[in-house]
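Step one of this worksheet: look at the structure below.
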Amino acid sequence: MTGQVRTVDGRVAGRRGQATRQKLLDCLSEMLSSSPYRDVKVIDVARRAGTSPATFYQYFPDVEGAVLELAEEMATEGAALTDLVAGRSWVGKAAWQTSEQLVEGFLDFWRRHDAILRVVDLGAAEGDKRFYKIRMKILNSVTNSLAEAVKELQSRGRVDKDVSPMAVSGSLVAMLASVSSHQRGFQTWGVKQAELRPNLALLVHLGITGRKPTK
């Protein structure tokens with residue numbers, strides 16, 4: 001961890017304090033992978049990290065505050081999903097490659113952050129604006145980049161002018177997020193990852209270009 005990290009009361013944490021804070025976050029992340037969010041208690045996180053509840057409260061007001069820290073870190077990483085779209089070609093074989101890479105990026109991101117994303121989705125669904133903003137931070141930049149791709153294709157006469165770029169891109173991103181969060185569910189339906197990826201990429205390609213892919 002780099003940069004200044006402050007305790008709840010505003011003091012700057014030293015190197016050892018930063019390491020302790022990060023260990024608490026790492027332990028919390030591990031616990032969220034195996035326990036329901038609301039079952040996780042401060043004392044359990046502290047015990048797992050080999051410290052005390054008092055130390056936990058030096059860095060976080062409560063479990064929810066620590067979860068928000070994890071979520072913000074995850075959202076910052078998620079912003080990189082935009083790199084899979086921005087400046088990429090949506091013409092010919094390149095469009096299929098872009099579709100595949102975007103799908104793989106979403107599926108991989110959700111696999112790696114499944115636990116905290118479930119908490120973010122829960123908080124957003126319950127109307128917590130903090131979690132809602134974090135979810136939008138992850139999805140908005142990708143949505144905007146896809147909308148720009150549709151607009152660019154429209155300017156070249158490749159996509160009908162009646163198509164709403166934001167409606168199409170927003171729908172596709174919502175689909176990607178939903179499918180990515182239900183990967184295990186697809187497995188129970190007998191859908192293998194090797195089957196899911198190309199079919200999801202096909203939907204993305206059709207949605208953006210309105211054409212069958214050139215492979």
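The values are calculated or read from the model by the stated rules, or taken from the named source; none is laboratory data. Since the structure is predicted, the reported quantities are computational estimates derived from the model, not experimental observations. Using ideal geometry, Cβ is built from the backbone for each residue, glycine included, and neighbour counts are taken over all protein chains shown.
Cβ-Cβ contacts under 8 Å between residues 6 or more apart (or on different chains), taken from a first residue in the stretch 123-150 that is outside the structural domain of S164 (by TED's automatic domain parsing) to a second residue that is crowded, with 17+ Cβ neighbours inside 10 Å and not small (G, A, S), are absent.
Yes or no, residue by residue, for (1) assigned by TED's automatic domain parsing to the domain that holds S145; (2) of a type outside the set (G, A, S); (3) surrounded by 15 or more Cβ atoms within 10 Å (Cβ to Cβ); (4) in contact with a Ser or Thr (Cβ under 8 Å, 6 or more places away or on another chain):
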residue: S164; (1), (2), (3), (4): yes, no, no, no
residue: Q183; (1), (2), (3), (4): yes, yes, yes, no
residue: Q193; (1), (2), (3), (4): yes, yes, no, no
residue: L196; (1), (2), (3), (4): yes, yes, yes, no
residue: H205; (1), (2), (3), (4): yes, yes, yes, yes
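Tallying residues that are assigned to a helix (DSSP H, G or I), modelled with pLDDT under 95 and closer than 17 Å to A71 by Cβ within the stretch 33-60 yields 3.
One residue is enough: does the stretch 163-176 have a residue meeting the conditions over 29 Å from A71 (Cα atoms) and touching a residue at least 24 places away in the same chain (Cβ under 8 Å)?
First, pick out the residues of the stretch 163-176 that are over 29 Å from A71 (Cα atoms): 163-164.
From what is left, the residues that are touching a residue at least 24 places away in the same chain (Cβ under 8 Å) are 163.
Taking every residue of the stretch 163-176 in turn, at least one turns out to be over 29 Å from A71 (Cα atoms) and touching a residue at least 24 places away in the same chain (Cβ under 8 Å).
Just to be sure I understand, how many residues within the stretch 149-162 are buried (at least 19 other Cβ atoms within 10 Å of the Cβ) and not in a helix (DSSP H, G or I)? So the answer is 1. The set of residues in the stretch 50-70 being within 27 Å of I138 (Cβ to Cβ), touching a helix residue (DSSP H, G or I) at 6+ places or on another chain (Cβ under 7 Å) and among the small types (G, A, S) consists of A66 alone.
Is one or more of the residues making up the stretch 107-123 within 24 Å of G17 (Cβ to Cβ) and surrounded by fewer than 18 Cβ atoms within 10 Å (Cβ to Cβ)?
Initially, the stretch 107-123 is screened for residues within 24 Å of G17 (Cβ to Cβ), giving 116.
Filter again for surrounded by fewer than 18 Cβ atoms within 10 Å (Cβ to Cβ), leaving none.
Within the stretch 107-123, none of the residues are within 24 Å of G17 (Cβ to Cβ) and surrounded by fewer than 18 Cβ atoms within 10 Å (Cβ to Cβ).
Out of the residues in the stretch 90-132 meeting the condition of being among the acidic types (D, E) and outside any helix (DSSP H, G or I), tell me which one is nearest to A194 (Cα to Cα). For the stretch 90-132, the residue satisfying everything is E126.
Over 22 Å from the mean Cα position of the chain (by Cα), among the aliphatic types (A, V, I, L, M), in a helix (DSSP H, G or I) and at pLDDT 95 or above: is that true of L146 in this structure? Judged against the criteria, L146 is not a match. Checking each residue in the stretch 69-88 for being hydrophobic (A, V, I, L, M, F, W, C) and either out of contact with any Lys or Arg (no Cβ under 6 Å at 6 or more places or on another chain) or surrounded by fewer than 16 Cβ atoms within 10 Å (Cβ to Cβ) (or both) picks out L70, A71, M74, A79, A80, L81, L84, V85, A86. Looking only at residues of the stretch 69-89 that are in a loop (DSSP other than H, G, I, E, B) and of a type outside the set (S, T, N, Q), we find that the one that is nearest to the chain's Cα centre (by Cα) is V85.
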